[in-house]
Amino acid sequence: FVNGVWSAASHVEGLVVGNVTADEALAMGAMIRGTLRGGKVGASDFPARQITVVPPGDARFAIPTQNPEEGTNVVYCYYQHGPSTYETRAVGLLAQQLMSEKCFDQLRTKEQLGYVASAALEILYEICGFRVMVESAFHSPAHVETRINAFLTSFPQTVSDMSDEEFAKTRRSLVDSVLTMDVSLTAEADRHWTHVTNQKYQYYRGQIIAGMIDNITKAEVVEWLQANVVPNAPDARRITVFVHGKNHPLDSSSDAGKDALGLGDVPRLKREWGLHPRQGDPTTVPELLAPPEDVCRLTNTDVSEILRNKAAIAAKGPGADGEPKKMNQWAQRMADRSAFCAAGCPCLKPGSGGPFKMPRLKK
């Protein structure tokens with residue numbers, strides 16, 4: 001078994017954060033690649049992480065709790081918006097900032113529907129969505145849903161009625177939150193690792209989104225809410241899930257119970273609805289995008305290497321296919337390393353005489 005693991009095709013991605021130079025990090029990667037002798041994983045052999053496409057309308061599920069003694073009900077309303085882009089993340093985060101506190105205040109504090117009432121942007125494998133969830137042991141799922149729908153229907157007007165000063169203050173608060181500095185090396189590593197696992201490798205995404213948030217207008221948020229989270233919006237793509245506790249058991253004989261979908265319908269719906277294309281590509285490192293200049297100044301971010309690389313690419317002109325050549329600084333560093341030290345060079349093979357070390361590139 002062990003021999004099979006080490007000799008099989010493998011794909012390794014790593015992240016080194018801390019008091020380590022780029023050359024030293026590349027040397028670590030070379031040592032790992034030199035140990036795994038099974039070759040590369042084929043592009044078509046990577047596991048596909050895909051999310052089902054939710055069609056326009058409201059797909060309604062009703063299921064009992066797994067624990068028959070659980071008395072709490074859950075109502076979960078999920079709206080799917082499509083593949084994650086900088087723009088959809090920016091407006092979704094701002095909608096969450098505007099809605100989350102008011103959702104809790106209205107549904108939990110004022111109406112006292114249950115213990116938990118939340119509204120948030122929800123991203124699954126880089127597919128953007130928005131969800132509102134309420135847990136209640138006192139009210140039936142049907143009643144809770146009517147109150148959620150009433151809140152969502154009225155919320156665009158709530159935002160429209162906000163003063164410009166309050167809206168700008170909320171927006172600025174979100175920008176400051178997105179640009180908050182990492183409080184520890186672990187937090188910094190976790191933030192970078194997110195961009196490795198999503199296979200998009202855009203390490204300045206947060207700063208780019210912060211710059212976009214700062215330019216979103218109140219009218220744009222209202223328009224987005226009306227199109228995407230208002231229950232009767234014609235193009236809204238919604239899934240509503242009722243989880244029935246023992247205090248309000250699922251009545252399969254009622255009209256609502258008969259029409260509701262269950263867990264057994266999920267495989268069929270996946271086939272009928274289809275899947276979103278896989279987001280990200282583990283075999284290609286795209287060009288690293290730089291944040292706007294004003295955000296760079298605000299966060300003391302030095303993107304001079306990115307800009308120099310872009311200028312160098314522009315100077316080389318288009319490739320053989322007529323498309324601009326793309327190479328970010330990490331990929332360029334690897335190319336330089338490969339040119340300097342060929343794959344068969346002895347320095348790539350760990351020896352037994354102490355720590356493995358690759359020669360440094362000369363500047």
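The values are calculated or read from the model by the stated rules, or taken from the named source; none is laboratory data. Fair warning: this is a prediction, and the values are worked out from it, not measured in the lab. Every residue, glycine among them, receives a Cβ derived from its backbone with ideal geometry; neighbour counts consider all protein chains shown. To get the accessible areas, we keep the full protein, side chains included, count just its heavy atoms, and leave off ligands, DNA and RNA. Shrake-Rupley method; radii C 1.70, N 1.55, O 1.52, S 1.80 Å.
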Go through the range 85-97 and give me each residue that's in contact (Cβ under 8 Å) with a residue 60 or more places away in the chain and open to solvent by 10 Å² or more (accessible area, probe 1.4 Å). Tyr86, Glu87, Arg89, Val91, Leu93, Gln97
With the checklist (1) without any contact (Cβ under 8 Å) to a residue 60 or more places away in the chain; (2) outside any helix (DSSP H, G or I); (3) closer than 30 Å to Leu269 by Cβ in hand, flag the one item Asn19 doesn't pass. (3)
Would you check which residues across the range 215-251 are within 30 Å of Pro68 (Cβ to Cβ), in contact with a helix residue (DSSP H, G or I) (Cβ under 7 Å, 6 or more places away or on another chain) and not aromatic (Phe, Trp, Tyr) and list them? Thr240, His244, His248, Leu250, Asp251
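What residue, of Thr35, Thr72, is touching a residue at least 40 places away in the same chain (Cβ under 8 Å), over 30 Å from Ser10 (Cα atoms) and of a type in the set (S, T, N, Q)?
Values: Thr35 fails: over 30 Å from Ser10 (Cα atoms).
Only one candidate qualifies: Thr72.
Please state which one of Arg60, Arg37 is in contact with a Ser or Thr (Cβ under 7 Å, 6 or more places away or on another chain) and modelled with pLDDT of 90 or more. So that I can check it myself, show each step before the final result.
On the way: Arg37 fails: modelled with pLDDT of 90 or more.
Answer to the check: Arg60.
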Applying the selection to the range 200-241, what residues are open to solvent by 30 Å² or more (accessible area, probe 1.4 Å) and in a loop (DSSP other than H, G, I, E, B)? Lys200, Tyr203, Tyr204, Asp214, Asn215, Thr217, Pro231, Asn232, Pro234, Asp235
Assess whether Glu145 counts as being under 20 Å from Cys77 (Cα atoms), in contact (Cβ under 8 Å) with a residue 24 or more places away in the chain and either among the basic types (Lys, Arg) or assigned to a helix (DSSP H, G or I) (or both). yes
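Quick check on this structure: which one of Thr186, Thr109, Thr153, Thr180 is open to solvent by 40 Å² or more (accessible area, probe 1.4 Å), among the hydroxyl-bearing types (Ser, Thr, Tyr) and touching a residue at least 12 places away in the same chain (Cβ under 8 Å)? It would help to see each step written out before you state the result.
Details: Thr186 fails: touching a residue at least 12 places away in the same chain (Cβ under 8 Å); Thr109 fails: touching a residue at least 12 places away in the same chain (Cβ under 8 Å); Thr180 fails: touching a residue at least 12 places away in the same chain (Cβ under 8 Å).
Of Thr186, Thr109, Thr153, Thr180, the one residue that is open to solvent by 40 Å² or more (accessible area, probe 1.4 Å), among the hydroxyl-bearing types (Ser, Thr, Tyr) and touching a residue at least 12 places away in the same chain (Cβ under 8 Å) is Thr153.
Which one is nearest to the chain's Cα centre (by Cα), of the residues in the range 22-54 that are in a loop (DSSP other than H, G, I, E, B) and exposed (fewer than 14 other Cβ atoms within 10 Å of the Cβ)?
In the first step, residues of the range 22-54 are kept if they are in a loop (DSSP other than H, G, I, E, B); the result is 36-39, 41-42, 46-51, 53-54.
Filter once more, keeping what is exposed (fewer than 14 other Cβ atoms within 10 Å of the Cβ): 37-39, 42, 47-48.
Working: Arg37: 33, Gly38: 32, Gly39: 30, Gly42: 25, Pro47: 18, Ala48: 16 Å.
Step by step, filter the range 22-54, then rank; the result is Ala48.
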